[in-house]
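See structure below.
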Number of protein chains: 4
Amino acid sequence: MSNTKLNILLEDILNNKINSYKNGKVANYIPALSKVKPDLAAAVMIDMSGESYKVGDWNYKYTIQSISKPLVLALAIMELGEEAVFKRVGVEPTGEEFNSINKLVGHPKPFNPMINAGAIAITSLIRENKSGNSFDIILKFFEKVFGNKDVEFDEEVYKSEKMTADRNRSLAYFLKDHRIISGDVEKSLDLYFKQCSFKVDTLDIARASAILANNGFDPINGNEVIPEKVASLVRSVMLTCGMYDRSGSFAIEVGIPAKSGVSGGILAPVKNRFGISVFGPSLDNSGNSVVGMNILRKLSKELSLHMI
Amino acid sequence: MSNTKLNILLEDILNNKINSYKNGKVANYIPALSKVKPDLAAAVMIDMSGESYKVGDWNYKYTIQSISKPLVLALAIMELGEEAVFKRVGVEPTGEEFNSINKLVGHPKPFNPMINAGAIAITSLIRENKSGNSFDIILKFFEKVFGNKDVEFDEEVYKSEKMTADRNRSLAYFLKDHRIISGDVEKSLDLYFKQCSFKVDTLDIARASAILANNGFDPINGNEVIPEKVASLVRSVMLTCGMYDRSGSFAIEVGIPAKSGVSGGILAPVKNRFGISVFGPSLDNSGNSVVGMNILRKLSKELSLHMI
Amino acid sequence: MSNTKLNILLEDILNNKINSYKNGKVANYIPALSKVKPDLAAAVMIDMSGESYKVGDWNYKYTIQSISKPLVLALAIMELGEEAVFKRVGVEPTGEEFNSINKLVGHPKPFNPMINAGAIAITSLIRENKSGNSFDIILKFFEKVFGNKDVEFDEEVYKSEKMTADRNRSLAYFLKDHRIISGDVEKSLDLYFKQCSFKVDTLDIARASAILANNGFDPINGNEVIPEKVASLVRSVMLTCGMYDRSGSFAIEVGIPAKSGVSGGILAPVKNRFGISVFGPSLDNSGNSVVGMNILRKLSKELSLHMI
Amino acid sequence: MSNTKLNILLEDILNNKINSYKNGKVANYIPALSKVKPDLAAAVMIDMSGESYKVGDWNYKYTIQSISKPLVLALAIMELGEEAVFKRVGVEPTGEEFNSINKLVGHPKPFNPMINAGAIAITSLIRENKSGNSFDIILKFFEKVFGNKDVEFDEEVYKSEKMTADRNRSLAYFLKDHRIISGDVEKSLDLYFKQCSFKVDTLDIARASAILANNGFDPINGNEVIPEKVASLVRSVMLTCGMYDRSGSFAIEVGIPAKSGVSGGILAPVKNRFGISVFGPSLDNSGNSVVGMNILRKLSKELSLHMI
């Protein structure tokens, strides 16, 4: 498919699906999120030659939220190795919601790094090293995977998250009690809330997606950002666990690894083909972008991206 | 039974059971508790005429710990009324351990005020009023129920509890997330740790026990300390829920309302007959004093105290 | 209180409470139960001298249902001893509904003999002996505790129960899988459905209640029907576990051991004072007779029967 | 890769991995399974041109067991449509063992068709139609997907399964109680035990695998056996849920849809590339063939079959 054709297809799909935002609701558990215009929409694809296809509000900035989970998982494995990471967090899907405490009872090791409990445990592993403190380590990694030297941080969202985070705090102290988290719980939580509050646009996430799709190599500058094995692992975890209690049905329908965030973004790498990212702040019951899901469904069909 | 005879019986039972401390273990989750001599033992009974029978180390001071739960339950009902209290906490036994999070999942209202989750929720209800701040309110109530103007507070135990309280912190934030607790969680926890760290001896607890047994009236000075209906309610909750996952078997064997604490004390009021308190720091698997349980078993049989 | 006075009190209470049947609903999971007149009501008390006080429809016959549970518990202990029984069933309350499977998961031993899982396990222990087959053993025991040589059996109810018993069947096979039940599951279930289908009236149940209250001795003929220790054990289990997810609140409000059945009867022995039985087919949400509960509440207050 | 090379590779891998059977244990919950020689091993691949590669004991017959689950899922969708099927069973992974009852509590609809509860519910949907009774419908479908007119049935295994199936029976009655299963439970169970007792060899399963890999078309005779959309759905469900509590880690390591059975077989279709089947009766803790898993790991790496 020629570049022009792909851009036209993306444009068509976006226009066709944009009104489905009316079937969802913008997140409103913190004021900073609820203020967004519900009909924003964007889609970006980057192919393995580094060519990018951008439609809609692709440079609109939103907070990364849960899309940070697969990225910090990659970082943690790079920093500490698989063994240290998977001693504390499993890789099995749970069929449950993002903030579930159910499966921890009687089995305190979080089932996977895509649910909050697992992601907090992963973040708690990122520790100061010679190249800086834990916040800087994440920031620098985000700059690399977004190919963007100006990654900013949303102070207002961070503070709101921190103030309303009773469930996450409960999860974190539960993990501490079971020695899944060592060290200071509040510091780990603070780092987790910060990690979720970085500002990204759909192009940034598409770049990270392209790196994951291209086996860890940035298709634009050729740099190895993530080891091949880690990129494969992260894609696999996203496929089985990335969409919470819709992971199974998403695998059937779309067949692409994906991770969504409550701001409305979705990261969706297709191995050896495309880094995809979609955006639309209106969410379905499971917390996934309505417009984003619809675009992915259509793209999967049109471009035969279903991998399974 | 004459006073002398009862004292002799108590003495005999204590001597007969004291070596059973070897079948248990002193709590060691905080250093302050682990230092105690394991073979301490005491039993105090106060009858409805105010006469007291004291044997063993009855004036040895220990921290009240979970024995504070039924007392603060009484206080909370007196301060706020039954409705406000039981909107937040149930009265059903759970058959589970003291720090269980199991039954909260899918049913966030704590089952009863004798498990940690319920007790923390109850404590969070005690608020500053015209007679002082929440700590003072509890202190003054304790002074009354112990008939003791010099109730002291163990700073070291309080600080240790506070530092190692990850599970309780997890429970409290879970309750906050489900709006069982309103207000500041850390303040509620702080008050809860303080409430558990008051220093009492077996005579103090026997006095509180006698007040509960005597329908709320202090048999020594005749004062009404707790309304009759509240005393009855507290005794009933202790009978069905007071001994955690042994509540049912204790009701069968001993048949007396009881509440134990991790320091080794037990409060056991027998309506219209005796305020009983026993002590021995060595604990069985369920966290109840081994020597204390054995004394209560024997007393129940010898004096026909089984109520059911 | 003179006999006449007590009869008048009972009459007054019944008349006063009878209309509360409108606040509940007759069980309708099988047709045989749903056909009953909802405003039937009865109360019988038998004192420790064998005197009885009967008001309302005290000779109306209904199927015993769950009231058989404490009686067959007594029988099983008499037949096999405490150890054999409590190896298979615990004595801890669960705070859950009668047919819960929750607490079995991860803990297959039923928590107590008052929930269906526990009762089925208990029934499975009754085995043919020299005096007859398992059905005959139960029948003969029922004849003794009801002081009634003509205990009948409701074939229609038995067959209906058997046909609609999917949940109980699921529980029973779960218990078999975990070796709580040995032997043939369908035979045990069959015996359980039969045990629940014996026809009793309020006087029959009051007689059983009086025997339990009188430490196992029938106050009318002086016979020892149940060993004293077993009667005490059964009363205690009823107090902590007899009213399902209302056991705790019933202990607070009424303070008497009790066991209800879905036909609307309640067995309520008050140690050394009265064998009480009440009846009214209209049930509250927890499956307890609305009129029966109201009569017990009032009686407990008027006659100071609260034991705790 | 030439045919000869692929055969040599398969042979090498088999020889290299065959001794790993010592790290597992043959299933022994029924005698019929426990008698098998533990060091049997086989691997068969069929490519999309219908060429087959067979090594080891590829014509050794064993009972299909849980490998029937994805096949009967396909059949049920073909017979009744997606809507009727997924009204009764979900498609979300659970992270739990094959016979778990955990996730049913509070959520009676089975999470997915690869766990026993879900598979039993699916089987209960297969009903007599014009082409025969439910057993014949399954038999005929199996003959087609195995490309084998002589599919036999192991009477001994069927009878053993039926006799020892207390857990499955418990699950089935639970489903019946929640109206997930309608109709006669014992008939559904009987059909399920029969479906699990068909005798297959590794070549049979490889043929079914090839059909699933080839989008529903049999690569050997070109017939459409399963609609393309259904084949895709079944592969996707296998990828997220096929390996019980190892589904997530298998997706990471091997990245191929797979379904294992307790006899030691595994069905593993790789879309547009190969129908794979492996066999070895010695099982790991999760019930998957040790030798089979090792062969799949190695094959995935050597032939770059990881799909995600």
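Throughout, read-outs are computed from the coordinates displayed, never taken from laboratory work. Predicted, not measured: the structure shown is a model, and the values here were computed from it. Note that we place each Cβ from the backbone using ideal geometry, even for glycine, and neighbour counts take in every protein chain shown.
Some notes on this structure:
- With a 10 Å cut-off around each Cβ of D:230-241, the average count of Cβ atoms from other chains is 5.
- Degrees between helix A:3-17 axis and first principal axis of chain A (Cα, 0 to 90, nearest 10): 70
- Label geometry 7 Å along the beta-carbon vector: A:N19 inter-copy distances in nm: 5.9, 6.9, 8.9
- In chain D, the C-alpha radius of gyration followed by the widest Cα-Cα span (Dmax) gives 17.8, 56 angstrom.
- Helix D:166-177 axis versus longest C-alpha principal axis of chain D: approximately 50°, rounded to the nearest ten.
- The residues C:D136, C:D166, B:D204, when put in order of fewest to most other Cβ atoms within 10 Å, stand as C:D136, C:D166, B:D204.
- Where rotation carries D onto C, the chain D residue whose Cβ is nearest that axis, in whole Å: D:S170, 2
- Relative to its residue count, the stretch C:176-259 spans a Cα convex hull of 147 Å³ per residue.
- Under a 5 Å amide H cut-off, with hydrogens placed 1.01 Å from N, C:S282 pairs with C:V290, C:V291 among residues at least 5 apart or on other chains.
- Helix-only [θ]222 nm of chain A, DSSP H runs n ≥ 4, -39500 (n - 2.57) each, per residue, nearest 500: -13500 deg cm²/dmol
- Each residue of the stretch D:142-153 was assigned a 3J(HN,Hα) from its phi angle through the Karplus expression (A = 6.51, B = -1.76, C = 1.60, θ = phi - 60°), giving 4, 4, 5, 6, 8, x, 8, 7, 10, 5, 10, 10 Hz with x at Gly and Pro.
- Simple label model, 7 Å out from Cα along Cβ direction - C:D39 to B:N15, nm: 7.0
- Gyration tensor verdict on the stretch C:226-308 (Cα atoms; rounded if a/c is under 1.5, prolate if a/b is larger than b/c, oblate otherwise): prolate
- Highest-fluctuation residue, A:A165, A:A208, A:A74 considered, GNM on chain A with Cα pairs under 10 Å: A:A165
- Phi to ³J(HN,Hα) by Karplus 6.51 cos²θ - 1.76 cosθ + 1.60 over the stretch A:271-286, Hz, x for Gly, Pro: 3, 6, 10, 9, x, 10, 9, 10, 8, x, x, 7, 10, 7, 4, 8
- Highest-MSF residue in chain C out of C:N23, C:N168, C:N294 [GNM, Cα springs under 10 Å]: C:N23
- Spin-label model distance (nm) - C:T164 vs B:K61, 7 Å beyond Cα toward Cβ: 6.5
- Point-charge dipole on Cβ atoms (K/R +1, D/E -1) for the protein assembly as shown, about Cα centre, debye to 20: 0
- For the stretch A:229-263 and the stretch D:253-302, distance of Cα centres in Å: 22
- Shielding score for A:83-92, defined as the mean number of other chain Cβ atoms within 10 Å: 3
- Spacing of the two label points (7 Å from each Cα toward its C-beta) at B:N148 and A:N23, in nm: 6.8
- From largest to smallest, the equivalent ellipsoid semi-axes obtained for the protein assembly as shown from the alpha-carbon gyration tensor read 59, 40, 26 Å.
- Distances, shortest first, from the label point of C:P31 to those at the same position in the other copies read 4.6, 6.4, 7.6 nm; the point lies 7 Å along Cα to C-beta.
- Counting from the shortest, the label point at B:K199, 7 Å from Cα toward Cβ, is 5.7, 7.2, 8.2 nm from the same position in each remaining copy.
- Take each residue of peptide C:242-250, count the partner chain Cβ atoms within 10 Å of its Cβ, and average: the result is 4.
- As a rough footprinting exposure proxy, the listed residues A:V151, B:V237 were ranked by other beta carbons within 10 Å of their own, and the order from fewest upward is A:V151, B:V237.
- 3J(HN,Hα) along the stretch C:112-120: 7, x, 9, 8, 4, 4, x, 5, 5 Hz, from the Karplus curve 6.51 cos²θ - 1.76 cosθ + 1.60 with θ = phi - 60°, whole Hz, x for Gly and Pro.
- Percent of C-alpha pairs per 10 Å bin, the stretch C:66-196, short to long: 12, 46, 34, 7, 0
- Distant-in-sequence amide contacts of A:N214, defined by a placed amide H-H separation under 5 Å and a gap of 5 or more residues or a different chain, comprise A:N272.
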